[in-house]
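**Student:** One structure, as structure tokens, below. Some questions next.
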Amino acid sequence: MSKAIGSKYSIESSEEAEEFYHYVKDLLDSDIVCEMKKYRHHYSTTCYQHCLNVSYYNYLVCRKLGLDAKKAARAGILHDLFLYDWRDTPRKKGDLPHGFRHPQIALENAVQNFDVSKREEDMIVKHMWPLTLKLPRYAESYVIVMTDKYAAMLELGEHFKGKLRSLARKGENALRKVS
Ligand SMILES: [Fe+2]
Ligand SMILES: [Fe+2]
């Protein structure tokens, strides 16, 4: 059972996420998207979980705004499909830093494996705007710029929650030993 961080709804089985799941199920079931489970992205969150977070919130915001929620959901899943651990992958001579170049790598992987529309392409390749200098072309692309940052903040919060829980456990154990 998977959930976007901060959401109580199971993606696979809750009624609230049914439409979302229908839009992205083929992507979530694919080997290449599942490969993102191997790579850590922000703090303790995997690339897969991060993309699910971005996709889900992108879908919700775009649906609320009357934008293309299906494309928003699909581009969210694919937007960080770069498939390496950016912390320990050395940069080749002449390569831009990861933050600048990974949207293009994600797009290349996405178009090699799935049908990607022009709007989805723009969302994937511009999600790091303004780092990627070209202006987003569609309203959905501005939404993904925001939901990507929002997801990163949620992931940071989740990471510190985990750290605090483990500190509290250690404290309890230490107290038990001295009492
Ligand atoms: Fe990214
Ligand atoms: Fe991202």
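The values are calculated or read from the model by the stated rules, or taken from the named source; none is laboratory data. All of these numbers come straight from a predicted model, not from anything done at the bench. We place every Cβ from the backbone using ideal geometry, glycine too, and count neighbours over all the protein chains shown. Please note that ligands, DNA and RNA were not included when accessible areas were found on the heavy atoms of the full protein model with its side chains. Shrake-Rupley method; radii C 1.70, N 1.55, O 1.52, S 1.80 Å.
**Student:** Between Ser2 and Gln112, 0.36 nm times their residue separation minus their Cα-Cα distance comes to what?
**Tutor:** 37.0 nm
**Student:** Toward the positive end of the charge dipole of segment 31-135, about the Cα centre and with charges on Cβ (Lys, Arg +1; Asp, Glu -1), which of Cys62, Ile77, Gln112 goes farthest?
**Tutor:** The Cα lying farthest towards the positive end belongs to Cys62.
**Student:** On to the next question. Pop out the ³J(HN,Hα) list for segment 173-179 in order, Karplus 6.51 cos²θ - 1.76 cosθ + 1.60 with θ = phi - 60°, rounded to Hz; leave Gly and Pro as x.
**Tutor:** Along segment 173-179, the couplings run 4, 5, 5, 4, 5, 8, 9 Hz.
**Student:** Give the accessible surface of segment 6-153 per residue, rounded to a whole number of Å², with probe radius 1.4 Å and ligands, DNA and RNA excluded.
**Tutor:** Normalised by residue count, the accessible surface of segment 6-153 is 52 Å².
**Student:** Separate question: Picking from Thr89, Thr45, Thr132, which is most flexible by a Gaussian network model of the chain using Cα springs under 10 Å?
**Tutor:** It is Thr89.
**Student:** In percent, what relative contact order does the chain have, based on Cα pairs under 8 Å that are 6 or more apart in sequence?
**Tutor:** With pairs under 8 Å counted, the relative contact order is 20 percent.
**Student:** Extent of segment 75-173 along each principal axis, from alpha carbon coordinates, in Å, largest to smallest?
**Tutor:** The Cα atoms of segment 75-173 stretch 55, 35, 26 Å along their principal axes.
**Student:** Using Cα pairs under 8 angstrom and six or more residues apart, how large is the relative contact order of segment 7-95, in percent?
**Tutor:** Contact order relative to length: 26 percent.
**Student:** Could you name the lysines whose alpha carbon sits less than 28 Å from that of Lys163, not counting residues in the same chain fewer than 8 places away?
**Tutor:** Lys3, Lys8, Lys37, Lys38, Lys149, Lys177
**Student:** To continue, here is another question. When the chain is treated as a GNM, springs tying every alpha-carbon pair under 10 Å, which of Pro136, Pro90, Pro103 comes out with the largest mean-square fluctuation?
**Tutor:** Pro90
**Student:** Roughly what percent of Cα-Cα pairs across segment 17-57 reach past 14 Å?
**Tutor:** 47
**Student:** Project the alpha carbons of the chain onto their principal axes and report the range along each, largest first, in whole Å.
**Tutor:** That gives 65, 49, 29 Å along the principal axes, largest extent first.
**Student:** How much net charge surrounds Gly162 when only other residues with a Cβ under 15 Å from its Cβ are counted (Lys, Arg +1; Asp, Glu -1)?
**Tutor:** So the environment of Gly162 carries a net charge of +4.
**Student:** Can you tell me which of Leu96, Leu60, Leu167 moves the most in a GNM of the chain? Springs connect C-alpha atoms under 10 Å apart.
**Tutor:** Leu167
**Student:** Based on Cβ point charges of +1 for Lys and Arg and -1 for Asp and Glu, what charge dipole magnitude is obtained for the chain about its Cα centre, in debye rounded to the nearest 20?
**Tutor:** 980
**Student:** List the longest stretch of the chain that has no exposed loop site; here a site is one of the trypsin sites (Lys or Arg not before Pro) assigned by DSSP to anything other than H, G, I, E or B, with at most 12 other Cβ within 10 Å.
**Tutor:** No qualifying site falls inside 9-86, the longest such stretch.
**Student:** A follow-up question, please. Express in nm, to one decimal, how much length is gained between Glu15 and Arg169 on full extension, taking 0.36 nm for each residue of separation and deducting their alpha carbon distance.
**Tutor:** Roughly 51.9 nm would be gained on extension.
**Student:** Here is a further query. Run the numbers for Met153 and Gln104: contour at 0.36 nm per residue of separation, minus the present Cα-Cα distance, in nm.
**Tutor:** Working it through step by step, the gained length comes to 15.3 nm.
**Student:** Can I ask one more? For segment 38-86, restrict the atom set to alpha-carbon positions and state the Rg and Dmax in Å.
**Tutor:** 11.7, 35
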